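One structure is given below, encoded as structure tokens.
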Amino acid sequence: MKQSTHFLSPLLGAYYFFYFALVGVYVIFMPKVLLDLGYSPLDVGILYAAAPFMRFLLPFVFRHFLSLSPMVYQLSLLFTFIGTLLFLATVNDFWVYLAANLLFGAAMGISLPYVETIALASLPKHRYGKVRLWGSLGFVGIALWLGKVLESPYEALYYLSTVAFLTLIFGAMLTKYDTISHSTAQEDASFSLSKYWAFWVSIFLMQVGFGGFYNFFTIYETSHGISLEMTSWMWSFGVICEIFMLYFQGPLLQRNLLNILQFATLVTALRWMILYLYPDSISLTFASQSLHAIGFALYHTAAITYVFSLYTQKKLAQQFFLGIAFGLGGSVGALLSGQIYGEYLFLVESIITFIAFLVLLIHQKRKESIQA
């Protein structure tokens with residue numbers, strides 16, 4: 001088993017690197033590309049709601065009809081790549097491009113939960129963060145590179161297809177390390193969201209609060225006089241802080257995971273408030289970006305580990321986590337941020353995130369009463 005993990009870690013690292021480089025191009029640069037091609041902020045919000053919405057629907061399909069098998073996983077990698085090729089062909093037609101985003105979102109929503117389950121089952125807690133940080137390196141690497149060299153909208157689409165292909169190659173090599181038994185659709189049907197409903201509502205609201213950041217941070221900062229290259233450095237600094245946290249967070253994850261989630265949610269509410277109050281301050285925006293270490297890195301690892309411990313249906317639980325948080329939460333967050341984009345965007349995001357903190361307190365009380 002030790003030898004297996006030794007060979008597994010580099011493959012996981014490569015998958016995370018290219019998967020999150022793909023996310024980086026899609027999240028950081030494509031919204032601005034679409035605006036440059038004549039799309040409105042509302043159009044961007046609708047398009048960026050499509051992929052997360054598919055991520056939300058998928059777990060319900062798997063709960064009743066499908067099992068997340070190696071074959072389904074490999075097909076998801078292939079269709080992620082095909083989706084990026086369709087982007088190239090359809091970017092000038094809103095409705096066809098929207099359909100391509102639906103395919104892309106569905107495919108992206110299958111592969112990551114599959115790989116996360118392999119990582120959580122095979123790696124000790126302190127090791128997971130050190131492997132997962134390669135995803136952050138991929139994200140920051142593509143942000144810095146494209147922030148410097150990107151000259152035309154179509155260049156971003158070429159990069160998108162290239163990293164999707166590399167994700168396909170390294171992702172396919174991980175299949176043989178899948179040691180988790182595949183539960184049947186009948187077994188997965190017993191999975192309950194209502195038992196811990198407050199937890200699921202909280203992670204949903206947390207990601208709704210990220211909608212303005214993921215989809216409009218670049219546009220928001222450049223509209224306040226910050227250059228695109230400086231904005232790329234802001235993205236990158238947040239991810240560098242995230243990498244630092246992923247590397248050193250091992251001892252923290254031995255503590256109460258629910259307390260960690262509460263703390264990270266509260267810190268994130270403060271982060272959005274800083275962006276609302278000081279949109280044109282480079283130093284304070286960098287300070288807010290440093291909180292990405294807590295609001296994303298620590299929160300995400302604590303959340304997926306917490307979900308892994310709550311449910312026996314491990315893969316389905318990870319699918320629901322990504323589906324409800326980054327899927328439904330990301331979709332609603334994208335639509336909402338497209339509607340409210342302007343001066344009060346991050347004030348609204350801060351309030352939503354604070355509500356997520358309050359709901360997490362309700363979850364803690366309910367869980368204590370369930371276990372009593």
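The values are calculated or read from the model by the stated rules, or taken from the named source; none is laboratory data. It should be emphasised that the depicted structure is a prediction, and the values quoted were computed from it without experimental measurement. So basically every Cβ, Gly included, is an ideal-geometry build from the backbone, and we count neighbours across all protein chains shown. Note: areas computed on protein heavy atoms with side chains; ligands, DNA, RNA excluded. Shrake-Rupley method; radii C 1.70, N 1.55, O 1.52, S 1.80 Å.
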Requested in this report: Mind checking which helices (runs of 4 or more DSSP H) fall wholly inside the range 1-94 and carry at least 2 residues that are touching a residue at least 24 places away in the same chain (Cβ under 8 Å) and touching a Pro at 6+ places or on another chain (Cβ under 9 Å)?
Outcome: 30-36, 41-64
Report summary line: Going through (1) small (Gly, Ala, Ser); (2) in contact with a Pro (Cβ under 9 Å, 6 or more places away or on another chain); (3) over 21 Å from Val131 (Cα atoms) one by one, Ala264 fails only at (2)
Query raised in the report: Looking at Ala293, Ala302, Ala264, which is the one that is touching a Cys at 6+ places or on another chain (Cβ under 7 Å), without any contact (Cβ under 8 Å) to a residue 60 or more places away in the chain, part of a helix (DSSP H, G or I) and not polar (S, T, N, Q)?
Result: Ala293
**Report entry** Among (1) aliphatic (A, V, I, L, M); (2) surrounded by fewer than 20 Cβ atoms within 10 Å (Cβ to Cβ); (3) touching a residue at least 60 places away in the same chain (Cβ under 8 Å) - the single one Ala269 does not satisfy
**Finding:** (2)
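Which residues, taken from the range 39-55, are open to solvent by 40 Å² or more (accessible area, probe 1.4 Å) and hydrophobic (A, V, I, L, M, F, W, C)?
The answer is Leu42, Ile46, Phe53, Met54.
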Query raised in the report: Can you spot a residue in the range 108-117 that is out of contact with any Pro (no Cβ under 7 Å at 6 or more places or on another chain), among the charged types (D, E, K, R) and surrounded by fewer than 17 Cβ atoms within 10 Å (Cβ to Cβ)?
Result: no
Query raised in the report: If a residue has to be open to solvent by 60 Å² or more (accessible area, probe 1.4 Å), assigned to a helix (DSSP H, G or I) and touching a residue at least 24 places away in the same chain (Cβ under 8 Å) to count, how many in the range 198-237 make the cut?
Result: 4
Report task. Looking only at the range 56-91, count how many residues are open to solvent by less than 60 Å² (accessible area, probe 1.4 Å) and more than 21 Å from the chain's Cα centre (by Cα). Result -> 7
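For every residue, the table says whether it meets (1) outside any helix (DSSP H, G or I); (2) more than 28 Å from Leu298 (Cβ to Cβ); (3) touching a residue at least 12 places away in the same chain (Cβ under 8 Å).
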site	(1), (2), (3)
Gly109	no, no, yes
Leu168	no, yes, yes
Ala172	no, yes, yes
Lys176	no, yes, no
Query raised in the report: Are any residues in the range 349-372 open to solvent by less than 50 Å² (accessible area, probe 1.4 Å) and of a type outside the set (Phe, Trp, Tyr), and if so, which ones?
Result: Glu349, Ser350, Ile352, Thr353, Ala356, Val359, Leu360, His363, Gln364, Lys367
Query raised in the report: Which ones in the range 318-348 are surrounded by fewer than 21 Cβ atoms within 10 Å (Cβ to Cβ) and closer than 27 Å to Leu68 by Cβ?
Result: Val332
Query raised in the report: From the set of residues in the range 190-211 that are out of contact with any Lys or Arg (no Cβ under 8 Å at 6 or more places or on another chain) and among the aliphatic types (A, V, I, L, M), which is nearest to Arg63 (Cα to Cα)?
Result: Leu193
Query raised in the report: When the range 92-102 is examined, which residues are found to be of a type in the set (Gly, Ala, Ser) and buried (at least 19 other Cβ atoms within 10 Å of the Cβ)?
Result: Ala100
